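A short worksheet on the structure shown next.
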Amino acid sequence: MQRISTNYKPPKEGLTLMKLLLICFLCLSGSLYAQSGDSATSSVLTKISGIVKGDKDSLINGANIVIEGTIDGATTDEKGFYEFETVQTGSKNIIITAIGYAENIMMIDIEGGKEMNINIKLKKDEVKTEEILVTASSYTSGTNAAVTLTPLEIVRIPGADADLYRAITTFPGSNQVNEGSRITVRGGDPDEVLTVLDLASLYNPFIFDETFNVSAYSTINPWGLKGINFTSGGFSAKYGNALSAVLDLKSFDMPQGSGMFAWLGLANASLSGVYLSKGGQFGGTFSASKIILGPYFAINGEYSEYSPIPQSNQIGGTFSYKLGTSSNIKAYANYSDDKVGIRNASPTYDGYYESSSNSYFGNVKLITGLDNNTVLNAGISLSRYDRDYNYGVIESDQIDTYAKGRVDITKQISNKIELNTGVEYEYDGYDLNGIFPQYQYNIRPGAQSFGIDTTQSSGRAGIYAETQIKPSDNFFIIPGLRSDYHTLSGNFSFDPRLSFGYRISENNIIRGALGYYHQYPGIENYLRAAENDLDAQNAIHYILGYEYNTGGPILFRVEGYYKDYGNLVLTDPVNFLYTSEGEGNVKGVDVFFKAKIKNKFTGWISYAYSDSKRKQYEATQLVPANYDITHNLSVVGSFNATDQLVLGAAFKVSTGKPYTPVTGSEFVKLQEAYKPIYAEINSGRFPTYSTLDMNAQYIFSLFGKFAVGVIAVNNIFNKKNLYNYTYNADYSQRIEVYSNNRRSFYAGLGLQL
Amino acid sequence: MKNKLTKLLIIIMMITVSGIANSRDDFEDAMMKARKNLTEASEKSDVALLKKARGQFERILQLKKDPWLVNYYIALADYSLSMTGSASNDPKTIKQYTESGMATLQKSIDLNPEFSESYILMKALNFNRWQYEQEKMQEIISATDAADKEASRLEPENPRYILLNGISNYWMPEAFGGGASKAIPDLEKSLELFSKRKEKSELYPEWGKDLAYGYLAMALTKRNDDGDMTKAKEMLDEGMKLFPGSGFISEYAMGEYKKAGSK
């Protein structure tokens, strides 16, 4: 090279060309040199050996060691030992990798021919840190090992009827309302549980909600969810206006593939589909279902008289579009309706309780990465729930309208700190129109009544910030603060919250939470308050729990909690207006044990003890809360008899809920009706509730397509659980009204199209 | 001057080309060696050798040439390792290597989304998930279907794609639409396609032919009607002749044949 450049004397142009060629050559040879390794190699071989270890000095078999930029290296054997020879010399990086461990890069100085012994230690991947980030009182689905609930488990839980909410009630701390999908948590009211779907609040994701002796069902399809996080207390500052619990659901941003699925059962039929474009640029889903109870009643019989029999329709879908590598927009819409007439005999009227509702929900959500460490989620939603019911003199038409806008920003400041902040505004419209009895005890047609035609609306603006801090792999702490402003009452609320977790050892974790929680009373309460003067109801949550988690086969949790309520709605005994003078408390223990034995058996036992007392609405002192269930036990098991056949059983038993007994009556001549005389509020209890449900699922191929057949028997022992008490005309005789959820058989067949 | 300049250019070109060629040889040599080791290790189902072969491919990544193909082979090694877990009924191993394989294969697909072999392997890896996370049934079905559709779209006549369908049918009970008889046409077609196949590059995957012989022999054995045992033996003999090191043919498939013959 040097000889060519010195001996040759070209003209000026030639010199320029020569220089160019030489530069090209030098560049090319330089790049080749760089590719072959680094600055130095020698003809002398150097032997490098050592041992690769992991946590607790465990020997890693199959770890790979390589000198950067070369293929010189080796793989460790079962003793963690490696050995190789190289001609490389000088300062070199060696890269050490092993499945389940974080990559390690070390710089070494290789002196040609001088044998080297390098022992290496690898750290586990960060997975453990994610696991510990599950906060207190949370039951989640997802990809980490702390998963306690999966979509398949939801559809397989006997008695849950593939309903997300019913499935959740097999976990400690939550109970069904009237054996339906509405849930109460730790002795609170059902409306103290907030459901969030992709940033939107869902207030009526049910059919047959608040209907007499007909169980409500959820309209949420568990298969469309990529994440389920149910928190029965101590939840994050990102959730506002919820006193007891949060069910946070995240749907898939983009469908996972394309296909259709049809279902035909004794009580229902549905068709759903997903589509994902080639390249994954856009996708959509749809689902339509209809409840048809004719065949179901024909086989199981009717325990009540219906006119019409329960019927419902649902249709919904999503559309997702990928705006860029880190941006996605998704629109979601759903419509559902229901209609039922069920005969009921009350002291003053024996007739059909007729109910119908329709519900619309729409949501648009945008997710975008602002930079490598910052993600923005924004959403707007609108829902409208219109419910009518008639019974005796009562004719009610209520419309609830909700609109919400929300923006959340998550910023990963470092691998130890993450900041979450956001704002939201929620509009709540209430419209009630109808005729109501002047006296609650007389509802016969023609009874003295009054008309209501009222409209009210309110808004709530909220802001929050919280920081997720992980000082070490074994410890996290999440301080947060939120504030809300309620336009109708003109009141602010402030909620400082704190959550933490500490891993004592590999499988043992302690978690806790402490914080303020506020929820403004439902808008209908303000109609009975002087000048809308109702404060936000509040609760202070204190939670401490222990978890043993082997990351697979065994999960055990025990958690104690105490909640102190204030500003509950209470009736002023003088003017009968609502005030914020109510109070209450609840204390309890939740125990959860889940076991998975290979792929054969999955099951869990959950037990909850709770003591919930409130002075609320008409109560004059602390009395058991409406949903104070002292003991609640669920045992759920699922057994894979073969690869195709899965058998399941679930047993639930719980203390009966409180009720207010009638101790006598007086005849009111003007009304031609008896007026009941009540004992202390909630001083009586229903009998113990129990049910044993079983099901079987059979997976097979039909016409070359995936198919699943299900048979289920609910309430096998035909236990007559009490729905309510009613009375004869003068209240001298108490009559049990049993739940219609008696022994029932269900069969269904699903087919992938 | 012109001559001198031409000579110089030639020298430069020669040095440059030989440098590039040497570099390519390093890569190709390393790939061929690693693939040979992987094939042998897979045939023997030897965990230690499989890990070594996997490590060789990992090190080849350092050459930064065709990382999509190197990652494909790492995922293939992961798949073979997961199958050793399957044989020893060890869900932890199946899960560890299946997940590693899927993650690595995704890297390969991201770099080269038009390589049909990747989707065939992705489908096979997703099958494994049934063994440790049945609860994600919907996700598994979607992922398997998506991989199947892409493999079929890119290369419907790929013998390994057809082979996988045959294997799937072989294991699926007759009551569910599968069975040995249903598997035979796909296995036969796969063998036919293997015999005609010429890969675009000698570095491209070549696994599967021994499996086709073995599975076809087993399917013929299971079919249990006249003439099947003879043809099954033919397949075994032919397979053993072509793949003398294949433990799958000489031990597993032959074992099934002998069991059927002793009945």
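The values are calculated or read from the model by the stated rules, or taken from the named source; none is laboratory data. Everything numeric here is computed off the predicted structure, so don't read it as measured data. With ideal geometry, Cβ positions are generated from the backbone for all residues, glycine too; neighbour counts draw on all protein chains shown. Ligands, DNA and RNA are excluded from the accessible area calculation, which covers all protein heavy atoms including side chains. Shrake-Rupley method; radii C 1.70, N 1.55, O 1.52, S 1.80 Å.
Laid out as a table, the results:
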| item | result |
| --- | --- |
| Accessible area of region A:40-125 belonging to carbon and sulfur atoms, whole % at 1.4 Å probe | 48 percent |
| Amide H contacts under 5 Å for A:Gly62, placed H, 5+ residues apart | A:Thr76, A:Asp77 |
| A/B buried area, accessible surface, summed, 1.4 Å probe, Å² | 4000 Å² |
| Region A:624-633 - phi-based ³J(HN,Hα) in whole Hz, Karplus 6.51/-1.76/1.60, Gly and Pro as x | x, 5, 4, 10, 7, 9, 5, 10, 8, 10 |
| Separation between Cα centres of region B:127-162 and region B:43-90, rounded to whole Å | 20 Å |
| Hz values of 3J(HN,Hα) by residue in region A:375-383 - Karplus curve (6.51, -1.76, 1.60), Gly and Pro given as x | 10, 10, 10, 9, x, 10, 9, 9, 9 |
| Filter on A:Lys600/B:Lys136; A:Lys47/A:Lys124; A:Lys652/B:Lys92; B:Lys233/B:Lys259; A:Lys705/B:Lys258 - keep pairs with C-alpha separation over 23 Å | A:Lys47/A:Lys124; A:Lys652/B:Lys92; A:Lys705/B:Lys258 |
| At R0 = 60 Å, FRET efficiency that the Cβ-Cβ distance of A:Ala298 and B:Lys259 yields, to 0.05 | 0.75 |
| Distance between modelled label sites at A:Tyr678 and A:Asp350, nm, 7 Å Cα→Cβ extension | 2.6 nm |
| Rough spin-label spacing in nm, given labels placed 7 Å along Cα→Cβ, for A:Lys411 and A:Asp55 | 3.2 nm |
| DSSP H segments from chain B that extend 15 Å or more along their own axis, Cα-based, with Kyte-Doolittle mean of -1.0 or above | B:2-44, B:47-60, B:67-87, B:91-111, B:116-128, B:137-154, B:159-171, B:180-196, B:209-223, B:228-242 |
| Sulfur and carbon atoms: percent of accessible area, region B:157-263 [1.4 Å] | 52 percent |
| Value of D in µm² per second that Stokes-Einstein yields for region A:63-126, Kirkwood Rh from Cα pairs, at 10 °C (1.306 mPa s) | 129 µm²/s |
| Where labels lie 7 Å past Cα in the beta-carbon direction, separation of A:Asp191 and A:Asp473 in nm | 4.9 nm |
| Accessible solvent surface per residue of the protein assembly as shown, calculated while the other protein chains remain in place, 1.4 angstrom probe, Å² | 45 Å² |
| Rounded to 5, the percent of DSSP beta bridges in the protein assembly as shown classed as antiparallel | 95 percent |
| R0 of 45 Å, Cβ-Cβ distance A:Asp643-A:Gln448: FRET efficiency to nearest 0.05 | 0.10 |
| Distant-in-sequence amide H partners of A:Gly50 (H built 1.01 Å from N, under 5 Å) | A:Tyr82, A:Ile118 |
| Cα centroid of region A:270-314 to Cα centroid of region A:578-615, whole Å | 32 Å |
| Reduction of at least 40 Å² in accessible surface, 1.4 Å probe, comparing all protein chains with the chain by itself, residues of region B:41-80 | B:Lys51, B:Glu58, B:Arg59, B:Gln62, B:Leu63 |
| At least 40 Å² of accessible area lost relative to the chain alone, listed for region A:236-274 with a 1.4 Å probe | A:Gln256 |
| Accessible carbon and sulfur surface of region A:130-752 relative to its total accessible area, %, 1.4 Å | 58 percent |
| For region A:180-197 and region A:480-494, distance of Cα centres in Å | 22 Å |
| Solvent-accessible area of A:Tyr746 with every protein chain in place, 1.4 Å probe, in Å² to the nearest 10 | 50 Å² |
| Residue of B:Thr84, B:Thr230, B:Thr221 that the Gaussian network model of chain B assigns the largest fluctuation, springs spanning Cα pairs under 10 Å | B:Thr230 |
| Helix A:12-36 vs. chain A, principal-axis angle (Cα, 0 to 90°, nearest 10) | 60 degrees |
| Amide proton proximity set for A:Gly227, modelled H, under 5 Å, gap of 5+ | A:Lys250 |
| Average Cα contact separation per residue, chain A, under 8 Å, 6 or more apart, as relative contact order % | 9 percent |
| Under Karplus coefficients 6.51, -1.76 and 1.60, residue-wise ³J(HN,Hα) of region A:97-113 in Hz, glycine/proline x | 10, 7, 4, x, 10, 6, 4, 10, 10, 10, 9, 10, 9, 9, 9, x, x |
| Added length on full extension, which subtracts the Cα-Cα distance from 0.36 nm per residue, A:Glu531 to A:Thr620 | 29.7 nm |
